[in-house]
Amino acid sequence: MTKIEKIIVIVASIVAIFAFVMVIMKAHDYKVANDEYDSLKQFASETVENTETAEEVNETVPVEAEEKEQKKELATNSNREDFPDLEVDFKSLREKNPDTVGWLYVGSCGISYPIVQGEDNDYYMHHTFEGNANASGAIIMDYRDNKYMKDWNTFIYGHNMKNGSMFGSLKKLLKDETLYDQDPYIYVYLPGYIYRYKIFSYYKDKPDSKMYWTADTLQEYRQYIRDALSLSVRDCNVETSEENNMVTLVTCSGSGEGKMRFFVHGEFIDRYKIQ
């Protein structure tokens, strides 16, 4: 073996060892994050205690948030059976992390995680709910959005993890259309309420997609809805209304130069008031 061949073998070996170590480290991060989020599920179950009522929450809503509330009365549904068999202990979650703003549940994709909102979006892209540095990150409400879901469009982000955790399971909607047909809803738990949104559009788009922008006026919101419908990979047969606001879930799709963004839009349908 020549000297050059030996150098090539040594370099290749180093690269292989480095790649192996990176795989081990990533697998460790995945496990640590999964264990943490599994432990948090005790605060969102059918038997949870310390569930806050709407009356308790209203006492803590800032005046500025009340002034931004939509003029139209939000549709309220008193039938608890129309919502998941899940209660959330926000008091305990906020004791662990004051940045807790809600809980996201998407039954069709097996998504059930707390939502945090930081001073920016970057921190929780690289830290878990409990603040541990980890590539899995957290489920994040855009720091510019109203945490009471009163904006025209509320953005919620999560990583597309290869093991299917976080928003890694959202892509199931692309692979199996029957999931949407069976359960087309996104649920956002806020202290005192459960909000229900019906998915009306989902699609892949480029990283600098115009769909990241949010509407400031009714006219802009109407255009956003039209754009979302035109981009959708399927006709969800949902009659959208500019009277209702929406929630948008966003994650990465693919890797390398071909990496895209996956958008899932849900329109507000109704909410359940926790008694």
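Taking the conditions exactly as written (closer than 24 Å to residue 80 by Cβ and either at pLDDT below 95 or surrounded by fewer than 22 Cβ atoms within 10 Å (Cβ to Cβ) (or both)), does residue 107 satisfy them or not? Spelling it out, residue 107 is indeed closer than 24 Å to residue 80 by Cβ and either at pLDDT below 95 or surrounded by fewer than 22 Cβ atoms within 10 Å (Cβ to Cβ) (or both).
Hey, does region 140-150 have a residue that's more than 22 Å from residue 224 (Cα to Cα) and open to solvent by less than 20 Å² (accessible area, probe 1.4 Å)?
Applying the first criterion (more than 22 Å from residue 224 (Cα to Cα)) to region 140-150 yields none.
Among the residues of region 140-150, not one is more than 22 Å from residue 224 (Cα to Cα) and open to solvent by less than 20 Å² (accessible area, probe 1.4 Å), which makes the answer no.
Among residues of region 110-128 being more than 13 Å from the chain's Cα centre (by Cα) and touching a residue at least 12 places away in the same chain (Cβ under 8 Å), the one that is surrounded by the fewest Cβ atoms within 10 Å (Cβ to Cβ) is 119.
Would it be correct to say that residue 168 is closer than 12 Å to residue 251 by Cβ, at pLDDT below 95 and open to solvent by less than 30 Å² (accessible area, probe 1.4 Å)? It is true that residue 168 is closer than 12 Å to residue 251 by Cβ, at pLDDT below 95 and open to solvent by less than 30 Å² (accessible area, probe 1.4 Å). Considering only residues in region 208-218 that are open to solvent by less than 60 Å² (accessible area, probe 1.4 Å) and of a type outside the set (Val, Ile, Thr), the one that is farthest from the chain's Cα centre (by Cα) turns out to be 215. Out of the residues in region 181-207 that are in contact (Cβ under 8 Å) with a residue 60 or more places away in the chain, outside any loop (DSSP other than H, G, I, E, B) and over 17 Å from the mean Cα position of the chain (by Cα), which is farthest from residue 145 (Cα to Cα)? My answer is 182.
When you check residue 267 against the structure, is it without any contact (Cβ under 8 Å) to a residue 60 or more places away in the chain and either buried (at least 18 other Cβ atoms within 10 Å of the Cβ) or not in a strand (DSSP E or B) (or both), yes or no? No; evaluated as a whole, the condition is false for this residue.
Restricting attention to region 172-179, does a residue exist that is aliphatic (A, V, I, L, M), assigned to a loop (DSSP other than H, G, I, E, B), modelled with pLDDT under 95 and surrounded by fewer than 23 Cβ atoms within 10 Å (Cβ to Cβ)? No; the residues of region 172-179 include none that is aliphatic (A, V, I, L, M), assigned to a loop (DSSP other than H, G, I, E, B), modelled with pLDDT under 95 and surrounded by fewer than 23 Cβ atoms within 10 Å (Cβ to Cβ). Here is the figure for region 208-254: residues that are in a loop (DSSP other than H, G, I, E, B), touching a residue at least 12 places away in the same chain (Cβ under 8 Å) and either under 18 Å from residue 270 (Cα atoms) or in contact with a Cys (Cβ under 6 Å, 6 or more places away or on another chain) (or both) total 7. Do we find that residue 163 is among the polar types (S, T, N, Q), assigned to a loop (DSSP other than H, G, I, E, B) and modelled with pLDDT under 95 in this structure? Considered against the rule, which asks whether it is among the polar types (S, T, N, Q), assigned to a loop (DSSP other than H, G, I, E, B) and modelled with pLDDT under 95, residue 163 comes out as yes.
The values are calculated or read from the model by the stated rules, or taken from the named source; none is laboratory data. Every value quoted in this text rests on a predicted model; they were computed, and no experiment measured them. Backbone-built Cβ (ideal geometry, glycine too); neighbour counts: all protein chains shown. Ligands, DNA and RNA are stripped out before the accessible areas are found, and what is left, the full protein with its side chains, is counted by its heavy atoms. Shrake-Rupley method; radii C 1.70, N 1.55, O 1.52, S 1.80 Å.
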